[in-house]
Amino acid sequence: MTTDQLADVKFRLSEVLPQIAAHLSQRSERGQVAQYIPPLARIDPGKFGMAIVLNDNSVHAIGDAQEAFSIQSISKVFALTLALGKLGDGLWRRVGREPSGDAFNSIVLLEHEKGIPRNPFINAGAIVTSDVLLASHEPRETIGEILRFVQFLAEDSDISIDPFVAQAETATGFGNFALANLLKANGNLQNLPEQVLGVYHHQCSIAMTCRQLAQAGAFLVSEGRNPLNGFQIVAPERARRINALMMTCGHYNGSGDFAYRVGVPAKSGVGGGVLAIVPRIASIAVWSPGLNQHGNSLLGTEALEMLCKEMRWSVF
């Protein structure tokens with residue numbers, strides 16, 4: 001963007017963001033918080049925050065944008081980035097690139113398709129990605145690698161893993177254990193299921209604020225270059241492909257509806273967060289813990305729809 005275009009975007013955001021916050025504050029229906037992970041079930045459904053990082057690194061935020069929350073499946077974007085760095089296109093021999101059409105934790109397709117998950121953003125695919133990252137390392141080392149990568153992207157060493165969420169994930173993750181064992185039975189898991197799930201559950205338990213999350217995702221705005229420090233995180237082509245997967249698979253069996261309503265690549269998490277990317281313009285993180293029927297943030301989706309409509313942001 002030119003200097004004048006950037007100034008115009010900032011002016012429009014100063015008007016649009018308060019309007020979004022005011023509109024959503026009147027909503028009585030806010031969705032249901034995730035009940036199957038006890039720490040998430042206790043989150044106040046009235047929370048709402050949004051942060052936008054433009055490609056000049058300026059931050060525009062509203063609401064509870066400085067309160068940390070569990071990013072859950074949004075972590076799959078960062079794990080996928082690392083896994084592609086290790087295996088490149090070899091990763092696609094173990095996990096597909098197609099929308100699932102089923103719930104994020106479904107075991108049906110995995111059994112039908114003989115242990116090859118549809119994409120890296122459903123739970124089964126993310127478990128395979130965790131297995132790739134684990135390789136010959138100890139789980140603790142791999143967890144540390146993922147956390148340091150996210151801290152590096154956001155340039156914030158205060159980002160951490162919530163130990164209470166991680167413990168709860170392990171204690172209640174029976175469905176994930178079923179997925180991991182089926183993957184192992186089909187030869188698509190090289191490490192022990194309990195070790196892989198140790199990595200997976202901890203990466204999902206990373207806690208971040210909207211501001212930190214938007215900053216961590218900014219490399220996908222600028223063709224793989226981190227605008228905070230100038231480092232080329234991934235090649236431009238890989239950044240485009242990660243964005244493509246976020247567009248087609250980032251909201252599970254609600255991905256088509258999200259693309260229709262919002263029109264930008266995005267990844268959701270059952271903690272109520274969404275990371276959205278407007279290529280060459282902005283990285284957006286929104287948090288509202290109440291979920292819709294697909295397990296995606298109800299008001300977060302509505303906030304992004306309003307924002308992208310008012311700002312005329314879309315990849316289409």
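The values are calculated or read from the model by the stated rules, or taken from the named source; none is laboratory data. Every value quoted in this text rests on a predicted model; they were computed, and no experiment measured them. Neighbour counts run over all protein chains shown; Cβ positions are idealised from the backbone, glycine included. Please note that ligands, DNA and RNA were not included when accessible areas were found on the heavy atoms of the full protein model with its side chains. Shrake-Rupley method; radii C 1.70, N 1.55, O 1.52, S 1.80 Å.
Hand me the trypsin sites (Lys or Arg not before Pro) from region 198-299 located in a DSSP loop with no more than 13 other Cβ atoms within 10 Å, in residue order please.
Arg280
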Checklist entry - Accessible area, 1.4 Å probe, largest first: how do Met306, Met208 sort? => result Met306, Met208
Checklist outcome for this item: Quick tally, 1.4 Å probe accessible area for Ser160, Ser288, sorted with the most first, runs Ser160, Ser288
Item to check | Förster radius 35 Å - calculated FRET efficiency between Gln66 and Asp89, Cβ distance, rounded to 0.05 | outcome: 0.35
Checklist outcome for this item: Carbon/sulfur accessible area of region 63-132, % of total, 1.4 Å probe, equals 49
Item to check | region 153-224: C-alpha gyration tensor shape, a/c 1.5 cut-off, then a/b vs b/c | outcome: oblate
Next on the checklist: What's the whole-number percent of alpha carbon pairs in region 225-316 lying beyond 22 angstrom?
Outcome noted: 25
Checklist entry - What is the Cα coordinate range of region 70-151 on the first, second and third principal axes, sorted by size from largest, in whole angstrom? => result 35, 29, 19
Item to check | Gyration tensor (Cα) of region 1-136, equivalent ellipsoid semi-axes in angstrom | outcome: 35, 23, 14
Item to check | Full-stretch length increase - Glu237, Arg148 - with 0.36 nm per residue and alpha-carbon distance subtracted | outcome: 29.7 nm
Checklist entry - Roughly how many Å² of Tyr252 are accessible to a 1.4 Å probe, to the nearest 10? => result 10
Checklist entry - Ranked from the most accessible area to the least, with a 1.4 Å probe and all protein chains present, what is the order of Lys184, Lys309? => result Lys309, Lys184
Checklist outcome for this item: Heavy-atom accessible area per residue of the chain, all protein chains kept, 1.4 Å probe, expressed in Å², is 41
Checklist entry - Which value in nm describes the separation of the simple spin-label points at Val315 and Ser136, placed 7 Å from the Cα toward the beta carbon? => result 3.7
Checklist outcome for this item: The alpha-carbon center of region 228-248 and that of region 260-285 are separated, in whole Å, by 14
Checklist entry - For the chain, what is the charge dipole size about the Cα centre, in debye to the nearest 20, if Lys and Arg each add +1 at the Cβ and Asp and Glu each add -1 at the Cβ? => result 500
Item to check | Chain lengthening between His23 and Ala7 when straightened (0.36 nm per residue, less Cα-Cα) | outcome: 3.3 nm
Checklist entry - Beyond 27 Å, what percent of the Cα pairs of the chain remain? => result 36
Next on the checklist: Once ligands and nucleic acids are excluded and a 1.4 Å probe is used, how much of Trp287 is accessible, expressed in Å² to the nearest 10?
Outcome noted: 0
